[in-house]
């Protein structure tokens, strides 16, 4: 295992302020150190006590006390002792999948998923609803009806370990009626609908947290996926509408209003079938609703996108045409994004089969190679590793991150 530098906060005053808000400094330090060790083991499973002490700068004795307490609380599990050349065998530690659970509700423009996720991002149970467009009362009824079916998958004792409910959904749904081809005013009910408040009333005492769906997907890639290997990356998630997220310095960057990474709104040049070129938002070319329209125009069922999310083998020509258009638009967006921030990587994921993701990323690389990028540093264009469940997993991670991540890793604070 390679040499690692001890983890230190760049600004000790930030840590001090965070700890002071908890009450006693001693309790705050203990909680912070517990979260620090849990976050470290999440990113690098199999660490032993000695290495954790070196990475954190804590004493071996303090590290041992904390790890023993986390193990007793059911959050860590020891592995088989590893014998070295000298000294006592070292014991690697990993997160206990049964240590805590999060519920995630993904509210999409064409479907909703309700998932029960364990401490290591394993989905234990899932329910799905498909619709022409989302209606607030239907979403609430779906959640109330299916939540007990999810929780029954856990033994009674483990239900006490559910940390809360995270909701991942697009913001300002009502602004996209024309693109979704919904009846006029069909999405107006979302304007004044307090999603988190309504769910809190129905599922008290579970805490409910809300996040943009593409941001949630980015958080899932950063926390549980291949994104952990990169300090700085741009993230594109292609659902009914394309969106994205930005990671800087190993943490999600929300921006001043929480809307950083709104990559779907980036302008790109689009060539229509008649040869006309126009300036359009990325969302109107690289989104799955565009594939849906192509399928309908070819006499196929657009709903099959959502009914068969793992098998698009029957889509043929419409899918080929969509991949070509989406890849061209995404290549332009990637070049523009990398001109603003010197990203190590650009990660592409979405609500499609793995084979489609592979084809799309390969085509993006081809199109990107043909764009004049003189003066730009090369960024790796990679497939995401979480997949179509990234938004739901990111939602379910919100209560877990709030309860167990280091303070500055928690996405949304009170």
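Bear in mind that the values in this text are calculations on the coordinates, not laboratory data. What you are looking at is a predicted structure, and each value in this text was computed from that prediction instead of being measured. When we count neighbours, we look across all protein chains shown, and the Cβ atoms used for this are built from the backbone with ideal geometry, even at glycine.
Sorting the Cα pairs of the range 113-269 by distance into bins of 10 Å, from 0 upward, gives 9, 33, 36, 19, 2, 0 percent per bin.
Full extension of the chain segment joining residue 259 with residue 320 gains 18.8 nm, where the gain is 0.36 nm per residue of separation less the Cα-Cα distance.
Quick one: 106, 169, fewest Cβ neighbours within 10 Å first, how do they rank?
Values: 106 28, 169 22.
Neighbour counts put them in this order, fewest first: 169, 106.
With springs only between Cα atoms under 10 Å apart, run a GNM on the chain and tell me which of 261, 74, 108 wobbles the most. Looking only at 261, 74, 108, the biggest GNM fluctuation is shown by 74.
Across the chain, the mean sequence separation of Cα contacts (distance under 8 Å, 6 or more residues apart), normalised by length, yields a relative contact order of 16 percent. Largest mean-square fluctuation among 136, 170, 183, in a Gaussian network model of the chain whose springs join Cα atoms under 10 Å apart, belongs to 183.
To the nearest 0.05, what FRET efficiency results for residue 280 and residue 133 with a Förster distance of 22 Å applied to their C-beta separation?
Working: r = 22 Å, r/R0 = 1.01.
Computed FRET efficiency for residue 280 and residue 133: 0.50.
Using the count of nearby Cβ atoms within 10 Å as a rough guide to exposure, how do 323, 371, 288 rank from fewest to most?
On the way: 323 19, 371 13, 288 24.
With the sparsest Cβ surroundings first, the list reads 371, 323, 288.
The candidate values are (1) 20.3; (2) 21.7; (3) 23.0; the one derived from this structure for mean projected area of the Cα convex hull in nm² carries the label (3).
If you rank 182, 215, 337 by fewest surrounding Cβ atoms within 10 Å, what's the result?
Working: 182 17, 215 29, 337 20.
Exposure proxy ranking, most exposed first: 182, 337, 215.
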